[in-house]
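Engineer: Just passing along the structure, written as structure tokens.
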Amino acid sequence: LVVMGDAGMKQTVSTPENPAEQGSFFSMTDIFLISLITGLLTYWFFFRKKKEEIPELPKISPVASPVRDSSFIEKMKKTGRNIVVFYGSQTGTAEEFANRLSKDAHRYGLRGMAADPEEYDLSDLSRLSEIDKSLAVFCMATYGEGDPTDNAQDFYDWLQETDADLSGLRFAVFGLGNKTYEHFNAMGQYVDKRLEELGAQRIFELGQGDDDGNLEEDFITWREQFWPAVCEHFGVEATGEESSIRQYELVVHTDVNMNKVYTGEMGRLKSYETQKPPFDAKNPFLAAVTVNRKLNEGGERHLMHLELDISNSKIRYESGDHVAVYPANDSSLVNQIGEILHADLDTIMSLNNLDEESNKKHPFPCPTSYRTALTYYLDITNPPRTNVLYELAQYASDPGEQEHLRKMASSAAEGKALYLSWVVEARRNILAILQDLPSLQPPIDHLCELLPRLQARYYSIASSSKVHPNAIHICAVTVEYETKTGRLNKGVATNWLKNKVPDESRSKSLVPMYVRKSQFRLPFKPSTPVIMIGPGTGIAPFMGFIQERAWLKQQGKDVGETVLYYGCRHANEDYLYREELARFHQDGLLTQLNVAFSRDQAEKVYVQHLLRKNKENVWKLLNEGNAHIYVCGDARNMARDVQNAFYEIVAEFGNMSQPQAVDYVKKLMTKGRYSLDVWS
């Protein structure tokens, strides 16, 4: 037998010749075989990886999840509530109204809770009748062009799709809107109408608040008639006067780890130190300001162009989207409040909800300092609402000042008129009220509980991500005006942005921001003509549109006519982006550049006048070219005047009556060919 060894050399194995040798050989083989078998058996029983047997364990009931319970019915039963007030809120006002209504309930022997529809399963509305004397109230704000607020989007979608039987549900709706907008209170009206269609019983008429007028008065007027209707329906009576009930208790931290203290973050603690995408309202990105330049050459106003660096943030945006920024209050205002109230603003504290079942544990991120709360979390510059005045009145030691505050918080006609003139029209913020009523000395923790949250400010993005993928441009004008009391009031966000000067360390130029998607979009086909109307800072989204159309043309796309109607006061003062627009026009990327200078001549000229002047061309683009119209800027006057100009042009060249022309334009809106991005 020849076997090849490791080295490839032949090895000869001799066959034993005598029996003694043969016997010895077999015994060795036996020993080898026995050893092999023993080794295999040992491996099999002791070392082989066995299939793990799963032991029969006793079943453990699931531990209560820290995630919210999506059934508001179960929560109401557990906590003895019978009134739920849902809010659709974008800026916090609807949430504030919902909280006030839920607190009102105790005066009638009822118990209420305010609820964010985003946190609950609204299909449970059909079960609300399981609770005695139950009622659902909806404080619904309308956002943009008749849209639901972000937190009410799922509820809106459910209402559209559901065929649930809500015949056992009793409800009432208060809508928050603005009459300068085309779709005034669309969300409130829809919820009111749709709930009735699904069989629910309306126990009080739809309330419609108008923020262009006096939203607070609209709410108070509705509320003072709403509660008597509730009493009549349920056969209950008011148990007494409105009383001051604290919702939060103060805890002062004397020995606290500063790493556990909030310093301005909106959501996760230390989120500004360790940034993690995705970025949104609860997790804003800290973008550095890389450019901050003044756009106007003269005049009293300060118009500015800022560029925010979004490199490495994974933030994506489209032309027409909005950028939201979280501003900070002026430190001098914060310091003055601290001085008047004799408070140590650097005290670390928490305000803890006395209702342990509430999803909202604190009014703002806690623990934090009073200084941080007043700087980053609380609105100290807007006139406070009547409920705040009512709660503060008890802290005025002067009877006259106390009566003054109580009167303004009352529902009497005289009180409403006083609140309108002394607070709203005089634009008195909380600091001005404390200054003008020297005996008013509320505890700073109660004041912090009462003040509404400081809200993000939205700006139309003035750039295209095709051209500027790592930057977002903002165009804004600083707000500054003198009040009737002679005080100088400054817009929180614009003055804060004005001071965001680019610096190498970046620490002083950071802006907490996120992007909010918009419906304000360029046509799908680049060949579709566009007519853009945007006076003043309304030019912002159109800078992005023009940049994008220019980029598409450079990519070899067939780009339709790009027409701009822009307006400002004076050619030599506030003509924004003058050089850039002239260059786009010269290069043929901007087909038409029509500019109205309103105050450079005796008779004022606005964008609507230029539309009428070019009416034949406008109609041709609209009728033959299927052009898309975009309007951005002031809702109160400009947007309405522009719309009226289009009614006239359509009526004249389309041979239509006024009602037909109106219907024609409304249909353009429905089809997405007439888009608005307006504010008041």
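Engineer: Give me the percent of the accessible area of the chain that comes from carbon and sulfur atoms, probe 1.4 Å, all protein chains in place. Show your work: numbers first, answer last.
Structural biologist: On the way: 17020 of 34030 Å².
So the carbon and sulfur contribution to the accessible surface is 50 percent.
Engineer: Still on this model: Mind checking which lysines have their Cα closer than 17 Å to the Cα of Lys490? Skip sequence neighbours fewer than 8 apart in that chain.
Structural biologist: Correct list for Lys490: Lys498, Lys500.
Engineer: Counting helices only, and only those DSSP H runs with n ≥ 4, report the 222 nm mean residue ellipticity of the chain as the sum of -39,500 (n - 2.57) divided by its residues, in deg cm²/dmol to the nearest 500.
Structural biologist: Working: 19 runs with 209 residues, N = 680.
Calculated at 222 nm, the ellipticity per residue is -9500 deg cm²/dmol.
Engineer: Give me the accessible area of His302, 1.4 Å probe, in Å² rounded to the nearest 10.
Structural biologist: Solvent-accessible area, nearest 10 Å²: 40 Å².
Engineer: Sticking with this one: Where does each of Thr221, Thr274, Thr562 land when they are ordered by accessible area, with a 1.4 Å probe and the largest first? The partial results should precede the final answer.
Structural biologist: On the way: Thr221 45, Thr274 70, Thr562 0 Å².
So, going from the largest accessible area down, we get Thr274, Thr221, Thr562.
Engineer: Separate question: Looking at the stretch 227-278, which GluC sites (Glu not before Pro) are DSSP coil and have at most 13 other C-beta atoms within 10 Å of their C-beta? Don't skip to the answer; put the middle values down first.
Structural biologist: Values: sites: Glu232, Glu237, Glu241, Glu242, Glu249, Glu265, Glu273; in loops: Glu237, Glu241, Glu242, Glu265, Glu273.
Passing sites in the stretch 227-278 are Glu237, Glu241, Glu273.
Engineer: Ok, one more. Taking K and R as +1 and D and E as -1, what net charge do the other residues with C-beta under 12 Å from the C-beta of Arg487 add up to?
Structural biologist: On the way: positive: Arg427, Arg428, Lys484, Lys490; negative: Asp436, Glu480, Glu482.
Here the charged neighbours net out to +1.
Engineer: For volume of the Cα convex hull per residue in Å³, several values are listed as [x] 229; [y] 312; [z] 204; flag the one computed from this structure.
Structural biologist: [y]
Engineer: Are any of the pairs Lys179/Lys620; Lys75/Lys276; Lys517/Lys620; Lys620/Lys671; Lys77/Lys360 more than 24 Å apart by Cα-Cα distance, and if so, which? Present the calculation step by step, with values, prior to reporting the outcome.
Structural biologist: On the way: Lys179/Lys620 32 Å; Lys75/Lys276 33 Å; Lys517/Lys620 32 Å; Lys620/Lys671 18 Å; Lys77/Lys360 18 Å.
Result: Lys179/Lys620; Lys75/Lys276; Lys517/Lys620 exceed 24 Å.
Engineer: Same structure again: How much accessible area per residue does the chain have, in Å², with a 1.4 Å probe? Spell out each step's value before the answer.
Structural biologist: Values: 34030 Å² over 680 residues.
For the chain, the solvent-accessible area averages 50 Å² per residue.
Engineer: Further question: Quick one: work out the % antiparallel among DSSP beta bridges in the chain, nearest 5. Write out the running numbers ahead of the final one.
Structural biologist: Details: 44 of 87 bridges.
Of those bridges, close to 50 percent are antiparallel.
Engineer: Would you list which lysines come within 18 Å of Lys407, measuring only between C-alpha atoms, while excluding same-chain residues fewer than 8 positions from it?
Structural biologist: Lys416
Engineer: Under 15 Å between alpha carbons, and skipping anything fewer than 8 positions from Lys294 in its own chain: which aspartates and glutamates qualify?
Structural biologist: Straight-line reach from Lys294, under 15 Å: Glu307, Glu573, Asp574, Glu579, Glu580.
Engineer: OK, next. Give me the net charge for the shell around Leu622: Cβ to Cβ below 15 angstrom, other residues only, Lys and Arg +1, Asp and Glu -1.
Structural biologist: Numbers: positive: Arg612, Lys615, Lys620, Lys666, Lys667, Lys671, Arg673; negative: Glu561, Glu616, Glu624, Glu648, Glu652, Asp663.
So the surrounding residues net to +1.
Engineer: Return one number: the angle in degrees, 0 to 90 and rounded to the nearest 10, between the long axis of the Cα atoms of helix 399-409 and the longest principal axis of the Cα atoms of the chain.
Structural biologist: 80 degrees
Engineer: Quick one: which of Lys314/Lys508; Lys78/Lys361; Lys466/Lys508 span more than 25 angstrom between C-alpha atoms?
Structural biologist: Values: Lys314/Lys508 23 Å; Lys78/Lys361 18 Å; Lys466/Lys508 28 Å.
Where the Cα-Cα span goes over 25 Å, the pairs concerned are Lys466/Lys508.
Engineer: Students sometimes get this wrong: rank Asp355, Asp121 by accessible area, probe 1.4 Å, all chains present, largest first. Please report the intermediate quantities before stating the final value.
Structural biologist: On the way: Asp355 45, Asp121 65 Å².
The ranking, largest first, comes out as Asp121, Asp355.
Engineer: Another question, then. Which three lengths, in whole Å and largest first, does the stretch 587-680 cover when its Cα atoms are put on their principal axes?
Structural biologist: For the stretch 587-680, the Cα spread along each principal axis is 36, 34, 24 Å.
Engineer: How high is the relative contact order of the chain, given as a whole-number percent (alpha carbon pairs under 8 Å, six or more residues apart)? If you can, show how the numbers build up before the last one.
Structural biologist: Numbers: 1201 pairs, mean separation 72.6, N = 680.
Contact order relative to length: 11 percent.
Engineer: If contacts are Cα pairs under 8 angstrom and at least 6 residues apart, what is the relative contact order of the stretch 547-603 in percent?
Structural biologist: Values: 59 pairs, mean separation 24.0, N = 57.
Dividing the mean separation by the residue count of the stretch 547-603 yields 42 percent.
Engineer: Also, quick follow-up: Given the whole protein assembly as supplied and a 1.4 Å probe, what does the accessible area of Cys568 come to in Å², nearest 10?
Structural biologist: Estimated to the nearest 10 Å², Cys568 gives 10 Å².
Engineer: Here is a follow-up. Which shape class applies to the stretch 328-454: rounded if a/c is under 1.5, otherwise prolate when a/b exceeds b/c and oblate if not, where a ≥ b ≥ c are the square roots of the Cα gyration tensor eigenvalues? Write out the running numbers ahead of the final one.
Structural biologist: Working: a/c = 1.81, a/b = 1.46, b/c = 1.24.
Prolate.
The values are calculated or read from the model by the stated rules, or taken from the named source; none is laboratory data. What you see is a predicted model, and the numbers here were worked out from it, not measured in a lab. Here Cβ is always computed from backbone atoms with ideal geometry, including for glycine, and neighbour counts include all displayed protein chains. Heavy atoms of the whole protein, side chains included, go into the accessibility calculation; ligands, DNA and RNA do not. Shrake-Rupley method; radii C 1.70, N 1.55, O 1.52, S 1.80 Å.
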